[in-house]
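The values are calculated or read from the model by the stated rules, or taken from the named source; none is laboratory data. Just so it is clear, the model here is predicted, and its values are computed rather than measured. Every residue, glycine among them, receives a Cβ derived from its backbone with ideal geometry; neighbour counts consider all protein chains shown.
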């Protein structure tokens, strides 16, 4: 896996360092990639983008991938990244929780 993720931003291809990505949220055929201070919207499926990311990204819900290196709190129902509470569904239970 690469340490960078290719995205399209303002009509040009750019590369994001995967370590800068906090989490990714899916909304049908679009994903929102969240970093500190930025949000990037891409026309991709969550399953497609998960194959482009290293193992530190874990699917915790049908709509969320999280960078486990950025998690500040973890329990059975949610993970916390900074102040953002991300749900953990029963289907995608974390082994650490």
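A compact table of results
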item	result
Selection status of residue 5, outside any helix (DSSP H, G or I), surrounded by 12 or more Cβ atoms within 10 Å (Cβ to Cβ) and out of contact with any strand residue (DSSP E or B) (no Cβ under 6 Å at 6 or more places or on another chain)	no
Selection count where residues are within 12 Å of the chain's Cα centre (by Cα), without any contact (Cβ under 8 Å) to a residue 40 or more places away in the chain and assigned to a loop (DSSP other than H, G, I, E, B), scope region 52-77	4
Verdict on residue 14 being part of a strand (DSSP E or B), in contact with a strand residue (DSSP E or B) (Cβ under 7 Å, 6 or more places away or on another chain) and exposed (fewer than 13 other Cβ atoms within 10 Å of the Cβ)	yes
Members of region 18-51 that are touching a residue at least 40 places away in the same chain (Cβ under 8 Å), assigned to a strand (DSSP E or B) and more than 19 Å from residue 87 (Cβ to Cβ)	none
Yes/no for residue 82 being at positive phi, touching a helix residue (DSSP H, G or I) at 6+ places or on another chain (Cβ under 9 Å) and at pLDDT below 95	yes
